[in-house]
Amino acid sequence: MAAKNYQVAEILYMVADYLDLEGEEFKVRAYRRAARSIENLSQSIEDVAKSGKLQEIPGVGEAIAKKIDEFLRTGKMEHLEKLKRKSPVDMESLNAVESLGPKKIKLLYQRLGVRNVEHLSKAAKEAKIRGLPGFGELSESKILQSLGNVSSNKRRFPREEVVPIAEMIRKKLQSMNVVEKVEVVGSYRRKKETVGDLDILVVSSSPSEVMDAFLNIDGIDHTIGEGEKKASLVLDNGLQVDLRVVGAESYGAALIYFTGSKYHNIRLRKIAIKKGYKLNEYGLFKGDEMVAGSTEEEVYRELGLDYIDPENREE
DNA sequence: CACACGGCCCATATAT
DNA sequence: ATATATGGGC
DNA sequence: GTGTG
């Protein structure tokens, strides 16, 4: 696999992050879309560039093609350098802090001059963050807590590495008598070589008990959030695990939704709209009436499609 | 050229 | 108590 | 910034 593809994607993601900081909206999506395409590219980006076919990659047009060329030739992208100069904020590490996104990073920079995690930590310890619009005491302590988690290096995990973990969680939840079904969804179910996190879908009439059990599995480093139907935590090895509880009538729709991919979902939704339906994680609806939802097969059939295996739902 | 650009949901915290 | 903003997910 | 109409 071409190592450069990953680098190019990374750098495009970075450009997107900086544009995000500037309040751009559509350029951000454009850059991320191009980055994604390149990640999923089966050929080496260098070969594509050599044959002058960069613009045939979905989401890559004249401007991005030029920038990719520049990066492949010189190892740099002036556009990114310029963005960095203009707004010297360490997006990469700040973005990795839980609960911080472009909007809040921007605010922290403008009001407190926060450029990196060191500044952030200092500001938090000096209690300068509470009181800023959108921040309170709780936000401040959450930031400090997140900074303390060295394990918050975001990386993707090889599938083999997470299989035993996924199985452990699946078994544990499945053994509960209030649990009807458990499935590990997301890119894990699509059998991708690496996964960014684990997504677990559970059918149960007693969500709170499931939440309880989930928040007490072995090897938890810290929890990110918990609600009635949804919880997220991070394991000791840094792997994030999300749990979602749904009712049996929505199981199929939720499976589809949480298995993804994102682009597959968009495609399905468009088909649904064209047929006068609305598709979401709860079911397929005609007006207020649910016409399908408890099984995946049912939803695909109602949309006029053959069943598609999870591995083939990339787009 | 002008225009749209996935669409819907949950969780959390703050603001009213 | 409810609305709004933001982050996050697919 | 890119892709469509």
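Each value in this text was obtained by applying a stated rule to the coordinates, not by laboratory testing. Source: prediction; values computed, not measured. Cβ atoms come from the backbone with ideal geometry, glycine included; neighbour counts cover every protein chain shown.
Averaging sequence separations of C-alpha pairs under 8 Å and six or more residues apart, then dividing by the length of chain A, give the relative contact order as a whole percent.
Relative contact order here is 10 percent.
When each pair of different Cα atoms in segment A:1-124 is counted once in the 1/r mean, what is the Kirkwood radius in angstroms, to one decimal?
After inverting the mean inverse Cα-Cα distance, the result is 15.3 Å.
Can you tell me how much longer the chain between A:THR223 and A:LYS84 gets when fully stretched, taken as 0.36 nm per residue apart minus their C-alpha distance, in nm with one decimal? Mind showing how you got there, number by number?
Values: separation 139, 0.36 × 139 = 50.04 nm, distance 3.28 nm.
Between A:THR223 and A:LYS84, full extension yields an extra 46.8 nm.
For A:LYS142, A:LYS230, what ranking results if the residue with the fewest other Cβ atoms within 10 Å of its Cβ goes first?
Starting with the residue having the fewest Cβ neighbours, the order is A:LYS230, A:LYS142.
Once you list every other residue whose beta carbon is under 11 Å from the beta carbon of A:TYR277, what net charge do they have if Lys and Arg are +1 and Asp and Glu are -1?
Net charge around A:TYR277: +4.
Counting only C-alpha contacts under 8 Å and six or more residues apart, can you give the relative contact order of segment A:250-312 as a whole percent?
Normalised by residue count, the contact order of segment A:250-312 is 36 percent.
Which residue, A:PRO158, A:PRO102, A:PRO207, tops the fluctuation ranking in a GNM of chain A built on C-alpha contacts under 10 Å?
Taking springs between Cα atoms under 10 Å, the residue moving most is A:PRO158.
Among the DSSP beta bridges whose two residues both lie in chain A, what percent are antiparallel, rounded to the nearest 5?
Among the beta bridges of chain A, antiparallel pairing accounts for roughly 75 percent.
Need one number: nm distance between label points at A:LYS125 and A:TYR6, each 7 Å from Cα along Cα→Cβ, rounded to one decimal.
Roughly 3.4 nm, to one decimal.
For segment A:231-277, compute the orientation-averaged projected area of the C-alpha convex hull (one quarter of its surface), in nm².
Its Cα hull, projected and averaged over all orientations, spans 4.4 nm².
Quick check: Cα centre of segment A:26-69 to Cα centre of segment A:156-174, how many Å?
34 Å
Report the Stokes-Einstein translational diffusion coefficient (µm² s⁻¹, integer) for segment A:98-147, Rh taken as the Kirkwood radius over Cα pairs, at 20 °C with viscosity 1.002 mPa s.
It diffuses with D of about 205 µm²/s by this estimate.
Quick one: which of A:LYS84/A:LYS106; A:LYS4/A:LYS53; A:LYS191/A:LYS230; A:LYS86/A:LYS122; A:LYS142/A:LYS191 span more than 25 angstrom between C-alpha atoms?
A:LYS142/A:LYS191
Can you spot the lysines whose alpha carbon is less than 20 Å from A:LYS270's alpha carbon? Ignore those fewer than 8 places along the same chain.
Output for A:LYS270: A:LYS262, A:LYS278, A:LYS286.
Rg(Cα) of segment A:193-274 divided by 2.2 N^0.38 Å?
So the Cα radius of gyration is 1.23 times the expected 2.2 N^0.38 Å.
Quick check: convex hull over the Cα atoms of segment A:235-315, volume per residue in Å³, rounded to an integer?
Hull volume normalised by residue count: 96 Å³.
Sort largest first and round to whole Å: the equivalent ellipsoid semi-axes of chain A, each the square root of five times a Cα gyration tensor eigenvalue.
With the √(5λ) rule applied to chain A, the semi-axes are 34, 29, 19 Å.
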